[in-house]
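Report on the structure given below.
The values are calculated or read from the model by the stated rules, or taken from the named source; none is laboratory data. What you are looking at is a predicted structure, and each value in this text was computed from that prediction instead of being measured. When we count neighbours, we look across all protein chains shown, and the Cβ atoms used for this are built from the backbone with ideal geometry, even at glycine.
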Amino acid sequence: MSGADIDPAAPPVWIDTDMGVDDLFAILAITARVPVAGVSVSFGCSTLPRACENAAGAAELFCGDCALFSGADRPILGQVETAERILGPRGMPTRGMEVPPRRADLSAALPALTTWLEEGGGPILALGPLTNLATLALARPDLRPDEITWMGGSLGRGNHTEFAEFNALADALAVRILLERGTRIRMIDLEACRKVQIVEEDIERLPCDLLRDLMGGYLDIGLSRGRSSMALYDPVAAAALLAPDLFRFEDIALEVDISEGERRGQTRRGDGPANARIATDVDAEAVREWCFQSWASVG
């Protein structure tokens, strides 16, 4: 299988990420196909300093021309919640190898995002908590992105709690702020992502040892829980952005729980006018193949 070809005429994508393993694979799928305008990093899979080190190390290995920016180190309100208890202290589980952490003095994300939108902007792919983008909405309400494709939320069961998906839980208020300010969110939720699974046999399809090791460490999360597979998550959102014909979408009224109770971060259908789109169906095998074709020439 040949690798994907970059389309230089495609509008550059801005990527907002908390830089875990599936984030990396989503970013590699994007950079294999379209230009990237910038990458803003936030807390989430790990703390912001670790996420920035992960991003800088990955950029040096795989996409040296990616412009990286440092964003939120905490939610807009409340305490920092990371996924380190599941993903490990760096937020990137492995089978022994690792992305070499690289310390980098990254510029601030907010001015960079502001300038990019002032100059016309383009598609945004969000792979973590929505804090960076909500901060932008608060600082510059006149600069409204056309749409944010977000891997987050769940209209079914959660993953970080019974009710909430992690990215929504980590900054539920950020989700609320964007919705209330009219930012269109295209939500690729847990229910959609869980339809696209990888198994051990898929690991050998990847083009280099480091990617095989990282994907193996990611798969081990599912294996450790007695499952034979693991959902791809963030790469599914990358596919939804660049190959939307592989999905079925529905306009819905989206609500998010911002209480301090057990349902904090729960996303659900509301009764008002539609303010978001959600992927209700996925051609799972086609999305898997789209991802692996994207990764075929990496390394």
Scanning region 269-299 for residues that are among the basic types (Lys, Arg) and farther than 12 Å from VAL236 by Cβ, the one surrounded by the most Cβ atoms within 10 Å (Cβ to Cβ) turns out to be ARG277
Being out of contact with any Lys or Arg (no Cβ under 6 Å at 6 or more places or on another chain), within 30 Å of SER228 (Cβ to Cβ) and at pLDDT below 95 narrows ARG205, ARG157, ARG194 down to just ARG157
**Message:** When you scan region 60-68, do you find a residue that is free of Cβ contacts under 8 Å to residues at least 24 places away in the same chain, in a loop (DSSP other than H, G, I, E, B) and within 25 Å of LEU242 (Cα to Cα), even just one?
**Reply:** yes
Would you check if ALA276 is in contact with a strand residue (DSSP E or B) (Cβ under 6 Å, 6 or more places away or on another chain), modelled with pLDDT of 95 or more and within 28 Å of VAL99 (Cβ to Cβ)? no
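When you scan region 25-36, do you find a residue that is part of a loop (DSSP other than H, G, I, E, B) and free of Cβ contacts under 8 Å to residues at least 40 places away in the same chain, even just one?
Residues of region 25-36 part of a loop (DSSP other than H, G, I, E, B): 32-35.
Next cut, free of Cβ contacts under 8 Å to residues at least 40 places away in the same chain only: 35.
Yes: one or more hits.
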Expected single match for under 15 Å from ASN132 (Cα atoms), of a type outside the set (A, V, I, L, M, F, W, C) and over 16 Å from the mean Cα position of the chain (by Cα) among ARG74, ARG50 is ARG74
Taking first residues from region 272-299 that are among the aromatic types (Phe, Trp, Tyr) and second residues anywhere that are part of a helix (DSSP H, G or I) and surrounded by 16 or more Cβ atoms within 10 Å (Cβ to Cβ), the pairs with Cβ under 8 Å that are 6 or more apart or on different chains are TRP290/ALA29; TRP290/ALA239; TRP290/LEU246; PHE292/ASP202; TRP295/PHE25; TRP295/LEU28; TRP295/ALA29; TRP295/LEU211
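Is one or more of the residues making up region 227-249 small (Gly, Ala, Ser), in contact with a Cys (Cβ under 7 Å, 6 or more places away or on another chain) and crowded, with 19+ Cβ neighbours inside 10 Å? Before the answer, list the steps.
Looking only at region 227-249, we keep the residues that are small (Gly, Ala, Ser), and these are 228-229, 231, 237-240, 243.
From what's left, in contact with a Cys (Cβ under 7 Å, 6 or more places away or on another chain): 231, 239.
Next, from what is left, pick out any that are crowded, with 19+ Cβ neighbours inside 10 Å: 231, 239.
Yes; the residues of region 227-249 include at least one that is small (Gly, Ala, Ser), in contact with a Cys (Cβ under 7 Å, 6 or more places away or on another chain) and crowded, with 19+ Cβ neighbours inside 10 Å.
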When MET92 is run through (1) crowded, with 21+ Cβ neighbours inside 10 Å; (2) touching a residue at least 60 places away in the same chain (Cβ under 8 Å); (3) not in a loop (DSSP other than H, G, I, E, B), the failure sits at (3)
